[in-house]
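> Sharing a structure with you now.
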Amino acid sequence: MDRKARISDIKRFAVHDGDGIRTTVFFKGCSLKCVWCHNPEGIGFRPQIAYYENKCIDCGECTQFCSRGSHRLTGAGHFYDRTSCVQCGECAAHCLGSALIYYGREITVEELLPLLLEDRDFYETSGGGVTLSGGECLMQADFCAKLLRRLKENGIHTAVDTCGFVPRESFNKVLPWTDVFLYDLKAWDEEAHIRCTGHSNRRILENLRYLDAKGASLELRIPYVPEYNDDQMEKIAEFARTLNNVRKVKILPYHRYAGSKYDALGMENTLPETLPEDAAVEKIKQLFDI
Ligand code: SF4
Ligand code: SF4
């Protein structure tokens, strides 16, 4: 049987997920829980419905497709009851106002591959390819390995965007088929890492050293979140200088654009208030010689 992955999205023409023009597959489920997460739909493994009330045109189409009666159209407009919803996704497939989005589609490698090969010409002319991201894509490492292998057989450049908090074995599965790892580093001190993500960073640092020793090509991606990890930047920069295969470092200044997603998903919005200042970002870039 062809195994399926659970994904939250497929984004074509992505330009921030590695070199060139890329298609990014966002896998569902993450092993960390970062306080600043801008992909809240990727945190949990279970399917979710996002409801954007401001896009609803009160057409009532969704009421026809919900066996649970979770959608109602009253004189006051459309009402969605999240508590009775079982996240089957039927309503989102028929929503006329694009107000409902289903995160949690299940897909096989054979279904996904043709979609990813559609933009091959753009990859070739821009030096791009396909990126697996999330959530944490390597929580579904067997699927990733199979997909990456099929992409390499088709001559596509591959990138794996990872938080690093997965068993070593997961990296071994994808290593032969991955051209570059986009590897997040959020804090150097263990305590700071636990405060920011809920987990120790020991395994993350060990996995990164392991990949480096294996000669894997690395792009370090460092979220900068004032009051959470600004005191970690010098230590991360010092550590990065000890690695041999870092081809690029990217600083990712925190933003709050994801706020509306938390609301639409019915999740508590715990995003930090403080935003980075340009001068501070520039200073951090200097630390990393970029
Ligand atoms: S996801 Fe399924 S159960 Fe939930 S509201 Fe939509 S149709 Fe109803
Ligand atoms: S189908 Fe979409 S736009 Fe129409 S009432 Fe339902 S949620 Fe609103």
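> Take the residues in the stretch 72-110 that are among the polar types (S, T, N, Q) and under 30 Å from Arg150 (Cβ atoms); name whichever of them is farthest from ligand 1 (Cβ to nearest atom).
Residue satisfying both the conditions and the ranking: Thr108.
> Filter the stretch 51-66 down to the residues that are near ligand 1 (Cβ under 10 Å from one of its atoms) and of a type in the set (Ser, Thr, Tyr), then identify the one that is farthest from Gly259 (Cα to Cα).
Thr63
This table checks each residue for (1) touching an Asp or Glu at 6+ places or on another chain (Cβ under 8 Å); (2) within 28 Å of Cys137 (Cβ to Cβ).
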| position | (1), (2) |
| --- | --- |
| His38 | no, yes |
| Gln48 | yes, yes |
| Tyr51 | no, yes |
| Ile57 | no, no |
| Thr83 | no, no |
| Cys88 | no, yes |
| Ala93 | no, yes |
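> Inspect the stretch 67-88 for any residue being within 16 Å of ligand 2 (Cβ to nearest atom), of a type in the set (Lys, Arg) and more than 27 Å from the chain's Cα centre (by Cα) and give the result as yes or no.
Yes, because at least one residue in the stretch 67-88 is within 16 Å of ligand 2 (Cβ to nearest atom), of a type in the set (Lys, Arg) and more than 27 Å from the chain's Cα centre (by Cα).
> OK, next. Identify the single condition in (1) in contact with a Ser or Thr (Cβ under 9 Å, 6 or more places away or on another chain); (2) of a type outside the set (Ser, Thr, Tyr); (3) at pLDDT below 95 that Arg256 does not satisfy, given that it satisfies every other one.
(1) is the only condition that Arg256 fails.
> Any chance you could count how many residues in the stretch 260-290 are among the acidic types (Asp, Glu), closer than 30 Å to Arg82 by Cα and assigned to a loop (DSSP other than H, G, I, E, B)?
2
> Here is a further query. Across the stretch 89-124, which residue is farthest from ligand 2 (Cβ to nearest atom) among those that are loosely packed, with under 12 Cβ neighbours inside 10 Å and closer than 24 Å to Ile21 by Cα?
Across the stretch 89-124, the extreme among qualifying residues is Asp121.
> Right, Ala159: within 18 Å of the chain's Cα centre (by Cα), of a type in the set (Gly, Ala, Ser) and surrounded by fewer than 23 Cβ atoms within 10 Å (Cβ to Cβ) or not?
When the stated conditions are applied, Ala159 does not pass them.
> Now for a separate question. Looking at this structure, is Gly69 surrounded by fewer than 13 Cβ atoms within 10 Å (Cβ to Cβ) and either within 13 Å of ligand 1 (Cβ to nearest atom) or not aliphatic (A, V, I, L, M) (or both)?
So Gly69 fits the description; yes.
The values are calculated or read from the model by the stated rules, or taken from the named source; none is laboratory data. This is a predicted model, so every value here is computed, not measured. Positions of Cβ are backbone-derived with ideal geometry, glycine not excepted, and every protein chain shown enters the neighbour counts.
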